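Peer 1: Dropping a structure here in structure tokens format, bear with me for questions.
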Amino acid sequence: MFDDLMNFTARQINSDLKKKKYSAKELLDYIYKKIEKYDKDLNTFITLTPEIAYTQAEILDKKINAGEEISDIAGAPVGIKDNICISEVKTTCGSKILSNFISPYDAYIVQKMNAAGMLFIGKMNMDEFAMGSSNETSYFGIVKNPWNKNKIPGGSSGGSAAAVAARLVPLSLGSDTGGSIRQPASLCGVVGLKPTYGRVSRFGLIAFASSLDQIGPFSNTVEDNALLLQTIAGHDHQDSTSVNLEIPNYLENLKQDINGWKIGLPKEYFGAGLSASVRKVITKAIEQFEKKLGCEIVEINLPSSEYAISVYYILATAEASSNLARYDGVKYGYRTETYENLIDMYERTRSEGFGDEIKRRIMLGTYTLSAGYYDAYYKKAQKVRTLIKNDFDKALKKCDLILTPTAPSTAFAIGEKTANPLEMYLSDIYTISVNLAGIPAISIPCGFSEDDNMPVGLQLIGNVFEETKIYNAAYKFEQLNDYYKKTPKL
Ligand code: GLN
């Protein structure tokens, strides 16, 4: 019955359900069986939530059988990154310190997806507190890349990306603070979008670096991605940074011609750090934009990009050190078993509950925020952040969208970079500035490397609230190539 779920898109599932080709319950049986078969090895899920999904399916099947109207995303199975709260479900953030935490409430976007009739399959594995680029810092074990199980899926939303690539779920949600949606999307060969800061409510997203964090969708196709953003976007009074702006119809303009659009190539993004095989694939994609889609390629400059990694690791760690102060073993989460007094309890809880990468960042962050160093590091970094934003403002006056590689290389081997944090941090060199500037960007599959046959992603960056334009160009490119029809052998 499900053999014809060829590309496993939310769109197709929704239309099949409406035509009663199968029921939502039958769909869940199929999905959970598939997960049981393949996820032992891939490890993309931390928690499965069949109690919720089957209840949602029952409600939906009743509606369909009663001839009631259902939304265009109803029945779409979704995996939710484990830093997004679902009421009465364990929400671990990939950490030991929250390994027993049951959320007492739903994130805003979870309420919206539930109201739209989506099916919550489970919570996705991730780097601890979303800090990482390889999903190797998770307390719940590494995630494997479905295209080659000796390789990392990228991070921090590694579980979300790998599960979509493996067709365990057609849709998932991640969070992106410096690249954590786009980089794993690129390395797993799926579509991942980081929306404009403020487009999607962060209420119920466990904070890493609040001025950078943004929730966004993963999918196999651009259309599915737009559909999910449409469902989760919007103003929420519970998040003071969520904007009260009209939500465009992201699906309406997908198919429009992009003939004559100016695509900007920042020369800083095509320098020495870019692997030759990735460069080759991206160059071919640029040619397609020019020759097949009729775009004009223009050179642009983003001169402050060279400071992006340094600025990010000052600001993100500063914010993280403050956000993570709440995990002290008192109100919720893990508490050490034996201790002598309150201070000793705090110290032991945090020493035992946090992994090495988290401790490194808390130390860095408290240092840059300390009285003697605040001006030299934190304040200076804030100023450079403005310069980075100004670069994008200027560049986006000269072009419609900016095109770059998403990541400097394809997925690397498990363990390859764990001993070298600096090298790991460079995985986000092309994505981090976008978060600092608060603008939206997508990663879409654009081919496979001839070196290792692993997927390569390209990034399209737009101006604030121009997700519609990004989706439009991404869709046109996708239609030329249909990379999403190629699936990994599990
Ligand atoms: N890899 C980056 C980091 O480790 C970005 C993480 C993210 O976007 N959550 O901080």
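The values are calculated or read from the model by the stated rules, or taken from the named source; none is laboratory data. Remember, it's a predicted structure, so these values are computed and weren't measured experimentally. Quick reminder, even Gly has a Cβ in these numbers, built from the backbone with ideal geometry, and neighbours come from all protein chains shown. Heads up: the accessible areas ignore ligands, DNA and RNA and are worked out on the full protein's heavy atoms, side chains in. Shrake-Rupley method; radii C 1.70, N 1.55, O 1.52, S 1.80 Å.
Peer 1: Does segment 230-243 hold any residues that are on the phi < 0 side of the Ramachandran plot and under 23 Å from the mean Cα position of the chain (by Cα), and which are they?
Peer 2: Those that are on the phi < 0 side of the Ramachandran plot and under 23 Å from the mean Cα position of the chain (by Cα): Gln230, Thr231, Ile232, Ala233, His235, Asp236, Gln238, Asp239, Ser240, Thr241, Ser242, Val243.
Peer 1: Do the conditions hold for Ser304, that is, is it in contact with a Leu (Cβ under 6 Å, 6 or more places away or on another chain) and more than 16 Å from the ligand (Cβ to nearest atom)?
Peer 2: Answer is yes for this residue.
Peer 1: Shifting gears a bit: Kindly provide the set of residues from segment 390-439 that are in a helix (DSSP H, G or I) and more than 15 Å from the ligand (Cβ to nearest atom), ordered by number.
Peer 2: Listed by number, the residues that qualify are Asn390, Asp391, Phe392, Asp393, Lys394, Ala395, Leu396, Lys397, Lys398.
Here is a yes/no grid of residues against (1) outside any helix (DSSP H, G or I); (2) of a type in the set (Gly, Ala, Ser):
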position: Asp16; (1), (2): no, no
position: Leu27; (1), (2): no, no
position: Ile31; (1), (2): no, no
position: Thr47; (1), (2): yes, no
position: Glu51; (1), (2): no, no
position: Ala57; (1), (2): no, yes
position: Leu60; (1), (2): no, no
position: Ile64; (1), (2): no, no
position: Ser95; (1), (2): yes, yes
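Peer 1: Same structure again: Go through (1) within 16 Å of the ligand (Cβ to nearest atom); (2) closer than 30 Å to Tyr269 by Cα; (3) small (Gly, Ala, Ser); (4) open to solvent by less than 30 Å² (accessible area, probe 1.4 Å) one by one and return the number of the condition Ser310 breaks.
Peer 2: With (1) within 16 Å of the ligand (Cβ to nearest atom); (2) closer than 30 Å to Tyr269 by Cα; (3) small (Gly, Ala, Ser); (4) open to solvent by less than 30 Å² (accessible area, probe 1.4 Å) applied to Ser310, the lone miss is (4).
Peer 1: Here's another thing I want to ask about it. In segment 275-285, what count of residues is obtained for those that are within 21 Å of Asp257 (Cα to Cα) and buried (at least 18 other Cβ atoms within 10 Å of the Cβ)?
Peer 2: Count: 1.
Peer 1: Quick test for you: out of Arg326, Arg361, Arg348, pick the one residue that is charged (D, E, K, R), open to solvent by 20 Å² or more (accessible area, probe 1.4 Å) and either touching a residue at least 12 places away in the same chain (Cβ under 8 Å) or within 16 Å of the ligand (Cβ to nearest atom) (or both).
Peer 2: Arg348
Peer 1: Of the residues that make up segment 82-104, is at least one open to solvent by 20 Å² or more (accessible area, probe 1.4 Å) and closer than 16 Å to Leu171 by Cα?
Peer 2: No, segment 82-104 contains no residue that is open to solvent by 20 Å² or more (accessible area, probe 1.4 Å) and closer than 16 Å to Leu171 by Cα.
Peer 1: Can you spot a residue in segment 173-186 that is away from the ligand (no atom under 15 Å from the Cβ), under 21 Å from Gly415 (Cα atoms) and at pLDDT 95 or above?
Peer 2: No, segment 173-186 contains no residue that is away from the ligand (no atom under 15 Å from the Cβ), under 21 Å from Gly415 (Cα atoms) and at pLDDT 95 or above.
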